Amino acid sequence: MKLQAKLIVAFSVIVLLMGISQSVFLQSRIQSTFQNYLEQHNIGFMERMKQSLELYYQETGSWEHAQELFFEGESSGVQGHGMMMRGLSMNMTMSNVDYLLLNTKGIVIADTQGTRIGMVGSELKGNSLSLMVNGEKRGTLVIQQHILQDLEKEFLRSSNTAIFISGLIAAAMSVLFSIWIARKISKPLTNLMVAIKKIASGEKVDQVAISTRDEFSELGEAFNDMSHKLERNEEVRRSLVADVAHELRTPLTILQGKLESIQEGAIEASEEVVLELTDEVYRLNRLVSDLQQLSLAEAGKLPLNKKNVDVKRLIDRICSTLQWLADEKEITLKHDRIPTACLLQMDADRMTQVIVNLIGNALRHTPEKGMVEISVVERDQAHLIQVRDTGHGIPEDVLPFIFDRFYKRDSSRSRHEGGTGLGLSIAKGFVEAHGGSITVASERNKGTVFTISFFTV
């Protein structure tokens, strides 16, 4: 069953149960309240009837004409009680009870039905009141409660009918409302399902528009974000395959061309030619190795040999190795702002590769007589390794892609000058494998700062 049908059924069942429970409750309450009202009315009337009968016996000395006067609503032939007696007899005939008058022997001498005169009162059930005149018992007034009369039944029937009709109206309105709310709820889900099926089949999906401002809107935004990332990842995958193919094609083409020339005798397999071929094989092997390390780092499976490393000694050794490149361009390579007792848990070989890459890039992109500085500072429970240069800076539109695979700031540079474009991607992967992060900040004509953050807690 679809969600829309489930919601409609759920709303309808809830309203139906509410209507039934409300009907049962109201019916019992109305009947109980009505019954209490009648009982109170009868008790009051019975007291007044008792007083009238006692007064009548006190004046007449007998119960003669009591049937005609009090129990049949007839007042002809009897003088002295007038309107009060007629009012009492009318109330008796309209009430939902029967009244009986018993003499001192317990025999019925008056009856609102007129059918039980002469019967023994002990055989009749009901509430009774003794009629006392001058301190002596002169008779008994008996009241018998009956089933609700037609008027009272009609009142209850009308109430139940009103409850039933209102329940039907409420049920119809609830069905209409449930249809509306079900469509309102299921429409965003339907749109999402269509988009999910398109993604599953490999189709391109536009942004899913959710007009509501609730959890469905958040779900739609999350889906759109996921769809955008999937599309971006697919573009990266295609770009990666194309870039890898391009990078592999060049050394393979060189190898193939020279080997074919050697086979055809066009060139001689001299030591110089063999060295060129060996360089291409090394370059090809390095590219494959870089891709392997990058994929391991991104998958979180890069093996790390972590131990306490003296960061100052590590950076001093790297700078002494790269000093020749700085001297060649008359660049000042500073690394004097590093604490002497700075031990960090890291893989020395992996971090050496990262720092060499950053310093090498800084030296290559810093003009002659510039400066490259490596420093380590402690800030907010983290150690920051910063590589700062005074180069031309990185354009703002390039910064978001600086760590992407095979990305080169200057696409016109040759492979031999620009490398493969994996250096910063590998550096980021290695740093993140250590649980740290790497960021870049740059200003045009002022320089660039790469910051590696190692968190101590």
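With a cut-off of 13 Å between beta carbons, the residues surrounding Glu368 carry a summed charge of -1, where Lys and Arg count +1 and Asp and Glu -1. Counting 0.36 nm for each residue step from Asp206 to Ile262 and taking away their Cα separation leaves a gain of 14.7 nm. Look at the dipole of region 268-398 built from charges on Cβ: of Ser375, Ala326, Ala341, the Cα furthest out on the positive end belongs to Ala341. Taking 0.36 nm per residue of separation and subtracting the current Cα-Cα distance, fully stretching the chain between Ile185 and Glu368 would add 59.3 nm. Of the options [x] 25.5; [y] 21.9; [z] 47.6, only one is mean projected area of the Cα convex hull in nm² as computed from these coordinates, and that is [z]. Partner aspartates and glutamates whose Cα lies under 13 Å from the Cα of Lys301, excluding those fewer than 8 positions away in the same chain, are identified as Glu432. Among the GluC sites (Glu not before Pro) in region 305-400, those located in a DSSP loop and surrounded by at most 12 other Cβ atoms within 10 Å of their own Cβ are Glu330, Glu368, Glu396. The dipole here belongs to the chain: it is taken about the Cα centre, uses +1 on the Cβ of Lys and Arg and -1 on the Cβ of Asp and Glu, and is about 420 debye. Under the combined filter of DSSP loop state and at most 15 neighbouring Cβ atoms within 10 Å, region 321-398 retains these trypsin sites (Lys or Arg not before Pro): Lys329, Lys369, Arg379. Other residues whose C-beta falls under 13 angstrom from the C-beta of Thr115 contribute a net charge of -2, scoring Lys and Arg +1 and Asp and Glu -1. With a Förster radius of 22 Å applied to the beta-carbon distance between Ile169 and Tyr37, the computed FRET efficiency rounds to 0.15. Per residue, the convex hull around the alpha carbon atoms of region 215-298 comes to 80 Å³. In the chain, the DSSP-assigned H stretches of four residues or longer account for a calculated mean residue ellipticity at 222 nm of -19500 deg cm²/dmol, using -39500 (n - 2.57) per stretch and the full residue count as denominator.
For the chain, the relative contact order works out to 10 percent when only alpha carbon pairs closer than 8 Å and six or more residues apart are counted. Taking Cα centre as origin and charging only the Cβ of basic (Lys, Arg, +1) and acidic (Asp, Glu, -1) residues, the dipole magnitude of region 307-455 rounds to 140 debye. Inter-label distance, Leu296 to Glu432: 1.7 nm, where each label sits 7 Å from its Cα along the C-beta direction. Coupling constants for region 292-302 follow from the phi torsions by the Karplus curve (6.51 cos²θ - 1.76 cosθ + 1.60, θ = phi - 60°), and in residue order they are 5, 5, 5, 5, 5, 5, 5, 7, x, 10, 6 Hz; glycine and proline get x.
Within a straight-line Cα-Cα reach of under 14 Å, Lys187 can be paired with the following aspartates and glutamates, leaving aside sequence neighbours fewer than 8 residues apart in one chain: Asp214, Glu215. A simple rule links phi to the HN-Hα coupling: the Karplus curve 6.51 cos²θ - 1.76 cosθ + 1.60 with θ = phi - 60°, which for region 217-225 gives 5, 5, 4, x, 5, 5, 5, 4, 5 Hz, with x for Gly and Pro. Near Asn224, within a Cβ-to-Cβ distance under 12 Å, what is the net charge of the other residues, with Lys and Arg +1 and Asp and Glu -1? Charge balance near Asn224 sits at -4.
Bear in mind these aren't lab numbers, they're just calculated from the coordinates by the rules spelled out. Note that the structure is predicted; figures quoted are calculated from it, not measured. FYI the Cβ positions are ideal-geometry reconstructions off the backbone, even for glycines, and counts take in every protein chain you see.
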